[in-house]
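Chemist: Here it is, the structure in full.
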């Protein structure tokens, strides 16, 4: 893998989402070369991907268990640790890895093919919807409420509704009534 060529491509890419996906794919590729699992993009970057950049975030949030391997790769490509973030002034990007795994999130992940033969993994749309629905209900984040409606309308026919309804009914989520209401609105 030509790391320098990929870093140059990231620098020249105008789309913030494409820059983030290329960076995540580079990180994933370098971890794979070490025989490691690849991380999963979660949070705002995943939301930006599924919303097709209607939502924007400045950071890449990853779920990844092997922090030592991830830290080594981030250092290798020029990121510096600042608090909970890894920052690249050169690439104008930030990476955070707050969770080690996607516990209880079982919807199929999205594998995104990026040029240069690179790919990255993104949390499944159903799990992202449940995550954002929780933020909407519990923390009253209006943007998350709007994004749940947007995603449900955009992907209505593709969503695994049985999975969504099961996850929303779990005690940790307790968002079944909210999901039913959103589904009813989206069906109109």
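Chemist: Could you check region 4-48 and list, in sequence order, the residues that are in a helix (DSSP H, G or I) and at positive phi?
Modeler: Within region 4-48, 43 is the sole residue that qualifies.
Chemist: Considering only region 27-47, how many residues are surrounded by 24 or more Cβ atoms within 10 Å (Cβ to Cβ) and in contact with a helix residue (DSSP H, G or I) (Cβ under 8 Å, 6 or more places away or on another chain)? Talk me through it step by step, then tell me what you get.
Modeler: First, pick out the residues of region 27-47 that are surrounded by 24 or more Cβ atoms within 10 Å (Cβ to Cβ): 27-28, 39-42, 45-47.
Add one more test, that the residue is in contact with a helix residue (DSSP H, G or I) (Cβ under 8 Å, 6 or more places away or on another chain), and what stays is 27, 39, 41-42, 45-47.
Qualifying residue count, region 27-47: 7.
Chemist: With touching a helix residue (DSSP H, G or I) at 6+ places or on another chain (Cβ under 9 Å) and crowded, with 17+ Cβ neighbours inside 10 Å as the only criterion, which of 187, 126, 158 stands out? Show your work before the answer.
Modeler: Working: 187 fails: crowded, with 17+ Cβ neighbours inside 10 Å; 158 fails: crowded, with 17+ Cβ neighbours inside 10 Å.
Testing whether each residue is touching a helix residue (DSSP H, G or I) at 6+ places or on another chain (Cβ under 9 Å) and crowded, with 17+ Cβ neighbours inside 10 Å leaves just 126.
Chemist: Of the residues 106, 144, 131, 160, which single one is within 19 Å of the chain's Cα centre (by Cα) and assigned by TED's automatic domain parsing to the domain that holds residue 64? Quick ask: steps written out before the conclusion?
Modeler: Numbers: 144 fails: assigned by TED's automatic domain parsing to the domain that holds residue 64; 131 fails: assigned by TED's automatic domain parsing to the domain that holds residue 64; 160 fails: assigned by TED's automatic domain parsing to the domain that holds residue 64.
Among 106, 144, 131, 160, only 106 is within 19 Å of the chain's Cα centre (by Cα) and assigned by TED's automatic domain parsing to the domain that holds residue 64.
Chemist: Right, another one. Please specify each residue of region 85-103 satisfying the condition of being over 20 Å from residue 56 (Cα atoms), in a loop (DSSP other than H, G, I, E, B) and out of contact with any helix residue (DSSP H, G or I) (no Cβ under 8 Å at 6 or more places or on another chain).
Modeler: Within region 85-103, 101, 103 qualify.
So that you can scan it fast, the table gives a plain yes or no per residue for (1) at pLDDT 95 or above; (2) under 14 Å from the mean Cα position of the chain (by Cα); (3) outside the structural domain of residue 155 (by TED's automatic domain parsing):
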residue: 10; (1), (2), (3): yes, no, yes
residue: 28; (1), (2), (3): yes, yes, yes
residue: 33; (1), (2), (3): yes, no, yes
residue: 62; (1), (2), (3): yes, yes, yes
residue: 99; (1), (2), (3): no, yes, yes
residue: 118; (1), (2), (3): no, no, yes
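Yes or no, residue by residue, for (1) farther than 28 Å from residue 134 by Cβ; (2) crowded, with 16+ Cβ neighbours inside 10 Å; (3) not assigned by TED's automatic domain parsing to the domain that holds residue 145:
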{"position": "24", "(1), (2), (3)": "no, yes, yes"}
{"position": "49", "(1), (2), (3)": "no, yes, yes"}
{"position": "55", "(1), (2), (3)": "no, yes, yes"}
{"position": "81", "(1), (2), (3)": "yes, no, yes"}
{"position": "84", "(1), (2), (3)": "no, no, yes"}
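The values are calculated or read from the model by the stated rules, or taken from the named source; none is laboratory data. Keep in mind that this is a model prediction, so the values were computed, not measured. Cβ coordinates were reconstructed from backbone atoms using ideal geometry, including for glycine residues, and neighbour counts include every protein chain displayed.
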